[in-house]
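In what follows, a single structure is set out as structure tokens and then discussed.
The values are calculated or read from the model by the stated rules, or taken from the named source; none is laboratory data. Worth saying up front: this structure is predicted, and the values here are computed from it rather than measured. Ideal geometry is used to build each Cβ from the backbone, glycine not excepted, and the neighbour counts take in all protein chains shown. Just the protein is used for accessible areas: all its heavy atoms, side chains included, with ligands, DNA and RNA removed. Shrake-Rupley method; radii C 1.70, N 1.55, O 1.52, S 1.80 Å.
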Amino acid sequence: MALKPTIYKSRIALSDVNRNYYDTLNLTIAQHPSETLERMMVRIMAYCINAQENLIFTKGISSPEEPDIWEQTLDGNIALWIDVGEPAVDRIKKASHLAQQVRVYCFNTKADVWWRQNESAFKALKLSAFQFQWEEIKSLAALVERTMDLSVTITGDSAYVASKLGECEVNWTTLQST
């Protein structure tokens, strides 16, 4: 019997000072049985950083042909493709042909090696890539509850996240920008 995803609900008071974007997000996130809390929280951070009206979580790990998050246009084209983790060059090459914009958010302890091994191939692609610090993502994952109320304030390349369990700061580095 296949394991079922764990469902998390998150209400996020989002203040993105960079884009002058302020919203209350009500997100339902399905954590795949093979997905860590850290990866799930990176998906939430990527969503917050890119929040806009038509942005949605896809089936993610369950559907390898789709990104973790995307924005589709009214005519079904992909405006924004967001992958979390360390995707293969071929996957990003395909995504860059399908989507107007492609963004990758890497975060774990092997992200530096992944980037060094693939950087020259990625330079030829229409891609923006960002790296979160692993220790900060672990602190973010410590805030997880099945039903979460979070406050996320984004300024510069940093997000301040607060919940009733605590608070943390999550910074990211731009590896490549298009």
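What Rg and what Dmax come out for the stretch 114-178 when only alpha-carbon atoms are used, in angstroms?
Calculated on Cα positions, Rg and Dmax stand at 14.8, 44 Å.
Would you look at the GNM of the chain, springs on alpha carbons closer than 10 Å, and say which of D75, D90, D157 moves the most?
Largest GNM mean-square fluctuation: D75.
Which far-off residues, 5 or more places away or on another chain, put their amide H under 5 Å from the one on A129, with H placed in the peptide plane?
Sorted by chain and number, the residues that satisfy this are V104, L175, Q176, S177.
Over the stretch 108-178, average the accessible area per residue using a 1.4 Å probe and give it in Å², no decimals.
Accessible area per residue, the stretch 108-178: 53 Å².
Could I get the Rg over Rh figure for the stretch 30-140? Both from C-alpha atoms, Rh via Kirkwood, rounded to two places.
Using only Cα positions, Rg/Rh for the stretch 30-140 is 0.94.
Please list R103, R11, R19 from largest to smallest accessible area, probe radius 1.4 Å, with all protein chains kept in place.
If we order R103, R11, R19 from most to least accessible, we get R11, R19, R103.
Once fully extended, how much extra length lies between A142 and T155, figured as 0.36 nm per residue of separation less the alpha-carbon to alpha-carbon distance?
This chain segment gains 2.5 nm when fully extended.
Taking a threshold of 21 Å on the Cα-Cα distance, which of the pairs K9/K59; K9/K126; K94/K126; K59/K138; K138/K164 fall above it? Don't skip to the answer; put the middle values down first.
On the way: K9/K59 16 Å; K9/K126 33 Å; K94/K126 11 Å; K59/K138 23 Å; K138/K164 17 Å.
Among K9/K59; K9/K126; K94/K126; K59/K138; K138/K164, the Cα-Cα distance tops 21 Å for K9/K126; K59/K138.
Within 10 Å of each candidate Cβ there may be at most 12 other Cβ atoms; applying that plus a DSSP loop requirement, which GluC sites (Glu not before Pro) in the stretch 1-104 survive?
E53, E65
Cross-link candidates for K110: which aspartates and glutamates have Cα within less than 18 Å, leaving aside residues fewer than 8 places away along the same chain?
Qualifying aspartates and glutamates at Cα under 18 Å: E35, E38, D83, E86, E119, E135, E136.
If DNA, RNA and ligands are ignored and the probe is 1.4 Å, what is the ranking of K59, K94 by accessible area, most exposed first? Spell out each step's value before the answer.
Details: K59 150, K94 95 Å².
Largest accessible area first, the list is K59, K94.
Taking 0.36 nm per residue of sequence separation and subtracting the Cα-Cα distance, how much length would be gained by fully extending the chain between A124 and N20, in nm to one decimal? Working shown, then result.
Numbers: separation 104, 0.36 × 104 = 37.44 nm, distance 3.14 nm.
Taking 0.36 nm per residue and subtracting the Cα distance, the gain is 34.3 nm.
Can you say what percent of the DSSP beta bridges in the chain, counting only those with both residues inside, are antiparallel? Round to 5.
Antiparallel bridges: around 65 percent, rounded to the nearest 5.
Keeping the other protein chains in place, figure out the carbon and sulfur percent of the accessible area of the chain, with a 1.4 Å probe.
Here it works out to 49 percent.
Over the chain, with a Gaussian network built from C-alpha contacts below 10 Å, which listed residue (N118, N20, N108) shows the highest mean-square fluctuation?
N20
Using a 1.4 Å probe, how large is the accessible area of V84, given in Å² and rounded to the nearest 10?
Using a 1.4 Å probe on the heavy atoms, I get roughly 10 Å².
Using only Cα atoms, tell me the angle between helix 89-98 and the longest principal axis of the chain; keep it within 0 to 90° and round to the nearest 10.
Value to nearest ten degrees: 90.
Please build a GNM for the chain, connecting alpha carbons under 10 Å apart, and tell me which residue among Q117, Q31, Q100 fluctuates the most.
In this elastic network of the chain, the residue with the biggest mean-square fluctuation among Q117, Q31, Q100 is Q117.
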